[in-house]
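> Okay, here's the structure, questions in a sec.
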Amino acid sequence: MFTIIENVLTQQEVAEFLDQMQKSVWIEGAKTAGNLAKNVKQNLQLDDENKITKTLSQRLEQRLMQSPDFISKALPNVFYPPKFNLYQDGGFYGAHVDSAVLTHPYNGKSIRADLSATLFLNQPDSYQGGELQIDTGMGVQEIKLKAGDMILYSSGALHQVLPVTAGQRIASFMWIQSLIKNDYQRTLLNQLDESIQGLRQHFGVQSQDTELLQLSELYHNLLRLWSET
Ligand code: NI
């Protein structure tokens, strides 16, 4: 499963993020990779311990929690705080699968990674290469989005970042434990929610239409039945 969420950040917010990121500290990405991933990871990451990084990370998480599209598609329960990376000079991240269970850096609790996300922070025409290649199980997709847009995909999917041969690719990435572990169930809920929102536009937001209320009841009862917290 993969889906794109447009305009998570406005162009002005993107510029502010890039400006702040320059004031933080970059470290070698391989230092933070697991043993298996170490040899295939060649990039820089913002130091998570830095105060500026923490502030940006929190700000992005808050922004996502204000996005109805993100909420509907991800049904987020717990975030692994967003991190930031930079690829340049042929830097890449070879094929890998993200860890299934992560430890939250602040509270030490386990997080099951259901969804992985990459938010692009600079324009695709400012660098060459750097596509996020995802094996969706139904063919390989190459993703390179405009600044401020985000791709959300199953953490279980094999993926890689192709070498950046010119310019810099700057992005944020994160993991999400969803209320709904199963991709198919989560997708069904998103489809139902989008249909309800469409009907609500059609009938008027305050509509008390019986069928619309029944669909809304169905959505919430399925969410109640399937969700894990
Ligand atoms: Ni990954």
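> Dividing the convex hull volume of the Cα atoms of region 164-229 by its residue count, what figure in Å³ per residue is obtained? Numbers along the way, then the final one.
Details: hull volume 10.5 nm³, N = 66.
Residue-normalised Cα hull volume stands at 160 Å³.
> Now, a different point. Given the Cα atoms of region 126-182, and with Rh set as the inverse mean 1/r over their pairs in the Kirkwood sense, what is Rg to Rh to two decimals? Numbers along the way, then the final one.
Numbers: Rg = 12.7 Å, Rh = 12.8 Å.
Expressed as Rg/Rh, it is 0.99.
> Regarding the chain, what's the average projected area of the Cα-atom convex hull, expressed in nm²?
On the way: hull surface 53.9 nm².
That works out to 13.5 nm².
> On the principal axes of its Cα set, how long, how wide and how thick is region 69-155? Give whole Å, largest value first.
38, 29, 26
> In addition: What relative contact order, as a whole-number percentage, does region 138-229 give when Cα pairs under 8 Å and 6 or more residues apart are counted? Write down the numbers at each step before the final one.
Working: 26 pairs, mean separation 28.2, N = 92.
Taking the mean separation of contacting Cα pairs over the length of region 138-229, I get 31 percent.
> So how tilted is helix 210-226 from the main axis of the chain? Cα-based, degrees 0 to 90, rounded to 10.
So the helix axis and the longest Cα principal axis differ by about 50 degrees.
> Then there's this: At R0 = 25 Å, how high is the FRET efficiency between E49 and D19 if r is their beta carbon distance? Nearest 0.05 is fine.
Working: r = 20 Å, r/R0 = 0.81.
Given R0 = 25 Å and the Cβ-Cβ separation, E is 0.80.
> A further question on this structure: For region 4-92, what does the relative contact order come out to in percent, with C-alpha contacts under 8 Å and a separation of six or more?
Values: 87 pairs, mean separation 28.6, N = 89.
Contact order relative to length: 32 percent.
> So how tilted is helix 183-203 from the main axis of the chain? Cα-based, degrees 0 to 90, rounded to 10.
60 degrees
> Which angle from 0 to 90°, rounded to the nearest 10, does the C-alpha axis of helix 51-65 make with the longest principal axis of the chain?
For 51-65 against the chain, the angle is about 20 degrees.
> What's the long-distance tail for region 6-106, i.e. % of Cα pairs beyond 16 Å? Mind showing how you got there, number by number?
Working: 3261 of 5050 pairs.
Beyond 16 Å sits 65 percent of the P(r) for region 6-106.
> On to the next question. Given an 8 Å cut-off on Cα distances and at least 6 residues of separation, report the relative contact order of the chain as a percent.
24 percent
> Separate question: For the chain, what does the helix formula give at 222 nm: sum of -39500 (n - 2.57) over DSSP H segments with n ≥ 4, over the residue count, nearest 500 deg cm²/dmol? Working shown, then result.
On the way: 6 runs with 75 residues, N = 229.
Theoretical 222 nm ellipticity from helices: -10500 deg cm²/dmol.
> Quick one: which residues, 5 or more positions from L158 or on another chain, have an amide H under 5 Å from its amide H? H modelled 1.01 Å from N in the peptide plane, none for Pro or chain starts.
For L158, whose amide H was placed from the backbone, the distant partners under 5 Å are D135.
> Would you work out which of M65, Y106, N43 lies farthest towards the positive end of the dipole of the chain, given +1 charges on the beta-carbon of Lys and Arg and -1 on that of Asp and Glu, about the Cα centre?
Y106
> Which cross-chain or sequence-distant (5 or more) residues have an amide H under 5 Å from the amide H of E131, H modelled 1.01 Å from N in plane?
L162
Only the coordinates and a few stated rules stand behind these numbers; no lab work does. As the structure is a computational prediction, the values presented were derived from the model and not from experiment. Note that we place each Cβ from the backbone using ideal geometry, even for glycine, and neighbour counts take in every protein chain shown.
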